[in-house]
Each structure stands twice: as structure tokens, then as C-alpha cells.
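Everything below concerns the one structure shown next.
The values are calculated or read from the model by the stated rules, or taken from the named source; none is laboratory data. Predicted, not measured: the structure shown is a model, and the values here were computed from it. Here the Cβ is made from the backbone with ideal geometry for all residues, glycine too, and neighbour counts use every protein chain on show.
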Amino acid sequence: MNCAEAELYVSPLYDGEQVPPSAAQHIAACESCRRVLQDYSHMGVELRLAATIEPEQLPSLKLSPRKRSFDVLWRRVSIPRFVLAAFLVCLVLATTAVSILRAQSRPLWFQFGYGFHENDEASHYTVAKKGYDDTQTSLSLVNGALMAVALRVRVEGLSSDEAVLRCRAVPAKTETTSSGVKLLGSPEGGVPLDHVPAVHYRPGESLAISIEGGGTLYLKGDVLGHQPSIAFGFPLEPVPGKLIVRSPVLTGSDQLLGEIDGATAITTDETRGVNFRVGSNGSFTFALRPFPGAVQGKLNWGEITFKLAGKNFRLVAAAPITGGDQPRPV
């Protein structure tokens, strides 16, 4: 047994308790452990001596008052009232400034899409931040003819009420195959933006971009304070005033009436509605504004509930149907 192991038995040995023989043998033979045992003996004598002395005979123990570093903060201090008022005003202004600074430091996002018709909903939606610079190509049927376009968009600045953009649209490369026309991409040398002026675009408006060689693209976008989600080229969070219905399922009286898996219907503004045909069960039209013959239902993100001819109906979509505060009437 070593000293570290025997040390555990020194105090019990002094108190007269039984200890292992190996511990007793080590303590008896070890000079260091014996000194520890003697220390316990001396401590016992001092404690017994102190116990026999009357309390009033003991010398008084004087302790200096404990000083803390921040005691001055708890003392009462007289200050003029105008100083206190000025301090409170500064505190409120500082809190407001911090809130404004946090709001200003929040990154802004630009969600945009484009199409070939001004009054139609934009397609090919993209999410961008300041510094975004990319070229997209698309192939569409316009007035009975195929049109291939390469569009380069650079986002040079973003604020809550505008996006500073440089845009240029040129014909894209195509290849005729046995099955039709294949889109190859941007023209050789890319789409340079030299001498293209910056445009201060206001969110929600339609920006006309002339296609070199003929035609026009229409860009539409919104500035958001959070990163929006895009799925299959369409925003998962529609802006207020528009409807986007994805993969709808309609039930009535707890029975499935119809579903269109993978289909997407989009409105361009509040004046238009989405029509859902369900075979022999009829046709249902949903809109954000009242129209003749319509009943009012409730829209809550990806669900519309309504009652018609005494029956309860429910339309469920694969994503939010509109943006803004919800639930809302529909």
C-alpha cells in the first residue's frame, strides 16, 4: 500500500475505528503518514482546550467590513430631474437606433421571373441577392413561332422599394433535331453588359426588355426581407393578391371529388380566378374578390374551406395558395 491509499485511513485510525491491517502497517512504518496522524492529534488537543474556555473569555474577533468593487452603484445619489429625463430619452433613442440598425442590416432578396406577354404571369422565377449576375436561356412558343432567348440579369443594388438592374436579352443558340428544336444556350462570347444602362425597377411592375433582333421580354419581381423558396420555377410563397394552386385535391362531404397531381394554376391579379374541373362533379372557380354567384370561403395558406348547397368542401394544395395575412376570405 502506498501513501495515497493509506491517507484515506489516517482519520478513521485517529478516531479509533477499525482499519485494514495493511493500512495500519504502512502508517506505522511511514514517517510522512505518521506526521499526518500527529497533526490530527494536535488538532484534537486544541479543540478540547477551546471547548473548556468560557465564551466571554475568548478574545473578540474584529473583521473589517467587506468592500465590493461595485458598491458605489447601489448608493443613493442625488441628481437633477432634467438629467434623469435626458438619460431616459437617450436610452429610448439608443434602443430605437439598435432596432433600425438591425432592420437595415437584414439582407434583402430579389425574386423575379420573366415571360413573353406583359399581362401573363411571369415564369422561370429566380431568387437573387445584390451582386447576382447570371444568364438564363428559354425556348417558348410566341405567336405560333418558337423563340429562343438568352437573358442576362445583374442585380447591382437592392432596397425595400427598388432594385437596380442591368438586363440584356439576345437570341439563344438552337439546334434542329429529329424530335424538334433543341436549346443549346447562350451565343458565343456570352451576353456582355457593356454600355447597358442601369434600370431602377420598382417591385411589382412589368419591366419591358427588348430582345435584340425582335421581340420583347417582360420581367416582374418583388423585393423581400427573407429568402423566398422556389419550386419547379414558381415561388412557394405567392405575393398577396395572387393565387398559385399546385397539385390541388378537392373533397366534398369527406369524399374525394378530384385531384390534379403536378398541375399548377396561377392568377396574375385579384381580378382573376382559378378554375378547377372535377369531371361529373362540375367546375369550381376560386378568386380573391367576390363575383356573381360565388360564396365566401376561408383560405388558410394551402387550404380553402367553403360551404355550398349545404355541403362542406375542402381544397388542399401542395404549397401556400397566396401570401399576406391569413386566414383570409376567398
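Here are 322, 264: which of them is within 20 Å of residue 125 (Cα to Cα) and either exposed (fewer than 13 other Cβ atoms within 10 Å of the Cβ) or free of Cβ contacts under 8 Å to residues at least 60 places away in the same chain (or both)?
264
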Selection within the range 242-269 - aliphatic (A, V, I, L, M) and either out of contact with any Phe, Trp or Tyr (no Cβ under 9 Å at 6 or more places or on another chain) or in a strand (DSSP E or B) (or both): 244, 245, 249, 250, 256, 257, 263, 265, 266
Entirely in the range 274-330, the strands (runs of 3 or more DSSP E) that have 2 or more residues that are within 15 Å of residue 251 (Cβ to Cβ): 283-287, 303-308, 311-316
Selection count where residues are in a loop (DSSP other than H, G, I, E, B) and either polar (S, T, N, Q) or in contact with a Lys or Arg (Cβ under 8 Å, 6 or more places away or on another chain) (or both), scope the range 213-225: 1
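Results for (1) touching a helix residue (DSSP H, G or I) at 6+ places or on another chain (Cβ under 8 Å); (2) assigned to a strand (DSSP E or B); (3) at pLDDT below 90, shown as yes or no for each residue.
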{"residue": "95", "(1), (2), (3)": "no, no, yes"}
{"residue": "104", "(1), (2), (3)": "no, no, yes"}
{"residue": "107", "(1), (2), (3)": "no, no, yes"}
{"residue": "117", "(1), (2), (3)": "no, no, yes"}
{"residue": "134", "(1), (2), (3)": "no, yes, no"}
{"residue": "138", "(1), (2), (3)": "no, yes, yes"}
Subset tally (residues that are out of contact with any Gly (no Cβ under 9 Å at 6 or more places or on another chain), surrounded by 11 or more Cβ atoms within 10 Å (Cβ to Cβ) and of a type in the set (D, E, K, R)) for the range 159-188: 4
Failed condition for residue 239, given (1) in the same structural domain as residue 149 (by TED's automatic domain parsing); (2) part of a loop (DSSP other than H, G, I, E, B); (3) of a type outside the set (S, T, N, Q): (1)
Any chance residue 314 is at pLDDT below 90, charged (D, E, K, R), within 18 Å of residue 261 (Cβ to Cβ) and assigned by TED's automatic domain parsing to the domain that holds residue 254: no
Only one of 237, 259 that is surrounded by 13 or more Cβ atoms within 10 Å (Cβ to Cβ) and more than 28 Å from residue 110 (Cα to Cα): 259
